[in-house]
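Report on one structure; see the data block that follows.
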Amino acid sequence: MPRNLHRHQNRPHLGGFTLIETLVALLVLSFGVMGLVALQGRAVQYAVDAEDRNRAALLADELVSTMWLSRTVTLPGATVDLWTTRVQDAAASGLPQASASVSGPDALGVVTVTIRWRPPSRKAAQGDLVYMTKVALP
């Protein structure tokens, strides 16, 4: 009997070591999952911003096409007002909190079409997003 007792005393005590390893692994895994969730949220935000920029480009192109068809950069006020209303109507393919303007022609006959908007997720302190294009007809 003393022989068995002696062998039992030399055995190292490892109780709880596996539990600590498991907790550390769980902590590392949870940080990884939180990082992936944050990355997914940022990717969605970039996709929404890209969609808004694309919509702004299409809306500006619509007005430029009207100028090309009319063969003038000076459009009637009613046409520009209708287009501005369409840009501001977020429910009907417009942009959120948008404003649009068309400058008068400069000395070279160049007109600047500017669209500003602010997505609901963007704070006022961050400023508006802007799409600007210049038009000159030959």
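The values are calculated or read from the model by the stated rules, or taken from the named source; none is laboratory data. Predicted model only: the values in this text are computed from it and were never measured. Please note: Cβ atoms are built from the backbone with ideal geometry, for glycine as well, and neighbour counts cover all protein chains shown.
The figures follow:
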read-out: Test: residue in the stretch 107-130 that is touching a strand residue (DSSP E or B) at 6+ places or on another chain (Cβ under 8 Å), of a type in the set (A, V, I, L, M), touching a residue at least 60 places away in the same chain (Cβ under 8 Å) and closer than 19 Å to Ala50 by Cα; value: yes
read-out: Matching residues, the stretch 89-138, being over 19 Å from the mean Cα position of the chain (by Cα), β-branched (Val, Ile, Thr) and either closer than 21 Å to Val44 by Cβ or surrounded by fewer than 18 Cβ atoms within 10 Å (Cβ to Cβ) (or both); value: Val110, Thr112, Thr114, Thr133
read-out: Single condition Arg86 does not satisfy, out of (1) modelled with pLDDT of 95 or more; (2) part of a helix (DSSP H, G or I); (3) surrounded by 13 or more Cβ atoms within 10 Å (Cβ to Cβ); value: (1)
read-out: Residue selected from the stretch 58-83 under the condition of a type in the set (D, E, K, R) and farther than 13 Å from Ile115 by Cα, by the criterion surrounded by the most Cβ atoms within 10 Å (Cβ to Cβ); value: Asp81
read-out: Verdict on Val48 being farther than 21 Å from Lys134 by Cβ and within 20 Å of the chain's Cα centre (by Cα); value: yes
read-out: Among (1) out of contact with any helix residue (DSSP H, G or I) (no Cβ under 8 Å at 6 or more places or on another chain); (2) in a helix (DSSP H, G or I) - the single one Glu62 does not satisfy; value: (1)
